[in-house]
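Asker: Below is the structure I would like to discuss, written out as structure tokens.
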Amino acid sequence: MSPIPQRKIGNATVPAIGFGVMGIATAYGKVDTDEERLKVLDAAYEAGCTFWDTANVYGDSEDLIGKWSV
């Protein structure tokens with residue numbers, strides 16, 4: 001698999017492709033169990049994703065990332 005391209009934002013270098021966590025936290029119908037949602041994050045990470053788009057208005061997305069990252 002090719003690495004995800006990188007981009008400069010100010011002094012930081014970040015992946016050009018991120019994972020929008022809102023889609024598994026709220027807004028698109030029934031929210032799956034934490035177990036299922038954590039599996040989605042695992043799969044995204046295994047595919048090379050390291051840039052997570054989340055916000056306090058995206059349901060429990062920030063809490064979910066916190067649970068996943070420990």
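Just so you know, all these numbers are worked out from the coordinates, no wet-lab data involved. Here the structure is a predicted model, which is why all the values come from computation and not from measurement. Cβ placement follows ideal geometry from the backbone for every residue including glycine, while neighbour counts extend to all protein chains displayed.
Asker: Show me, for the stretch 12-24, the HN-Hα J-couplings you get by feeding each phi into the Karplus relation (A = 6.51, B = -1.76, C = 1.60, θ = phi - 60°), rounded to Hz, glycine and proline as x.
Answerer: For the stretch 12-24, the Karplus-derived couplings read 8, 10, 10, x, 6, 10, x, 10, x, 7, 4, x, 10 Hz, x marking Gly and Pro.
Asker: Another one. Charges at C-beta only: +1 for Lys and Arg, -1 for Asp and Glu. How large is the resulting dipole of the chain about its Cα centre, in Debye rounded to 20?
Answerer: Values: 6 positive and 10 negative charges, 75 e Å.
Computed charge dipole of the chain: roughly 360 debye.
Asker: Another one. Using Cβ contacts closer than 10 Å as the measure, can you line up I65, I17 from fewest to most?
Answerer: By the 10 Å Cβ count, ascending: I17, I65.
Asker: Do you know the relative contact order of the stretch 17-69, to the nearest whole percent, from alpha carbon pairs under 8 angstrom that are 6+ apart?
Answerer: After rounding, I find 53 percent.
Asker: Under 1.5 on a/c is rounded, so check that first for the stretch 16-60, then, if it is not, pick prolate when a/b is larger than b/c and oblate when it is not; a ≥ b ≥ c are the square roots of the alpha carbon gyration tensor eigenvalues.
Answerer: Oblate is the answer for the stretch 16-60, as a/c is 1.5 or above yet b/c matches or exceeds a/b.
Asker: Now for a separate question. Which loop chymotrypsin sites (Phe, Trp or Tyr not before Pro) in the stretch 17-70, with loop taken from DSSP, have no more than 12 other Cβ atoms within 10 angstrom of their Cβ? The partial results should precede the final answer.
Answerer: On the way: sites: F19, Y28, Y45, F51, W52, Y58, W68; in loops: Y28, F51, Y58.
Loop-located and lightly packed - Y28.
Asker: Given a Förster distance of 35 Å, report the FRET efficiency between N56 and E35 from their Cβ-Cβ distance, rounded to the nearest 0.05.
Answerer: Between N56 and E35 the formula returns 0.90.
Asker: Determine ³J(HN,Hα), in whole Hz, for all residues of the stretch 31-48 in sequence, where each value follows from phi through the Karplus function 6.51 cos²θ - 1.76 cosθ + 1.60 and θ = phi - 60°; x replaces Gly and Pro.
Answerer: Per residue, the Karplus-derived 3J(HN,Hα) values read 8, 5, 5, 4, 4, 5, 5, 5, 5, 4, 5, 4, 5, 5, 5, 5, 7, x Hz.
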